[in-house]
Amino acid sequence: MKLLLAGIVLIFISGSKAQWYKFPVEAAQGAYDMGRAYLHMREANYIGADKYFHARGNYDAAQRGAGGEWAAEVISDAREWVQGSSGRGHLDSEADQEANRWGRGGGDPNKYRPAGLPDKY
């Protein structure tokens with residue numbers, strides 16, 4: 001029975017084009033990208049740039065691959081859940097999630113870039 005199960009798993013693994021073994025590295029790199037976007041947002045301290053940094057972090061993380069996209073989704077959802085339970089407005093949270101999905105989906109983060117934000121970001 002164990003041999004049969006091992007054979008089935010081996011067939012799925014060898015037939016997979018997802019390169020599952022890269023997932024943990026991509027996830028770690030994606031988490032790094034999300035953290036970097038957060039630090040840039042704090043450093044910039046620019047009114048109206050929140051959505052841009054949401055989209056930028058998610059975009060950069062998702063470009064890493066499936067693991068990065070997963071990390072971006074988990075981090076974004078956790079962040080919005082924590083901020084939502086702290087009394088922040090539902091509409092603002094939904095707008096953040098829209099920017100998150102836009103970035104993860106490969107959309108250009110500059111859609112949310114406010115005028116006057118330094119080129120450094």
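The values are calculated or read from the model by the stated rules, or taken from the named source; none is laboratory data. Bear in mind the structure is a predicted one, so any value in this text is a computation, not a measurement. No Cβ is skipped: glycine too gets one built from the backbone with ideal geometry, and neighbour counts run over all protein chains shown. The protein model used for the area step is the full one, side chains on, heavy atoms only, and it has no ligands, DNA or RNA in it. Shrake-Rupley method; radii C 1.70, N 1.55, O 1.52, S 1.80 Å.
List of remarks:
- Among the numbered conditions (1) part of a helix (DSSP H, G or I); (2) open to solvent by 60 Å² or more (accessible area, probe 1.4 Å); (3) not acidic (Asp, Glu), the only one that residue 47 does not meet is (1).
- Any hit, the stretch 58-67, residues being under 26 Å from residue 23 (Cα atoms), surrounded by fewer than 17 Cβ atoms within 10 Å (Cβ to Cβ), in contact (Cβ under 8 Å) with a residue 12 or more places away in the chain and under 12 Å from the mean Cα position of the chain (by Cα): yes
- Close pairs (6 angstrom Cβ cut-off, 6 or more residues apart or separate chains): touching a residue at least 60 places away in the same chain (Cβ under 8 Å) in the stretch 91-120, open to solvent by less than 30 Å² (accessible area, probe 1.4 Å) and part of a loop (DSSP other than H, G, I, E, B) anywhere: 114/49; 117/49
- For the stretch 95-121, residues that are in a helix (DSSP H, G or I), open to solvent by 80 Å² or more (accessible area, probe 1.4 Å) and among the acidic types (Asp, Glu) total 1.
- Every condition in (1) of a type outside the set (A, V, I, L, M); (2) within 25 Å of residue 117 (Cα to Cα); (3) open to solvent by less than 50 Å² (accessible area, probe 1.4 Å) holds for residue 36 except the one numbered (3).
- Subset of the stretch 68-92 that is among the hydroxyl-bearing types (Ser, Thr, Tyr) and assigned to a helix (DSSP H, G or I) - its residue that is surrounded by the most Cβ atoms within 10 Å (Cβ to Cβ): 76
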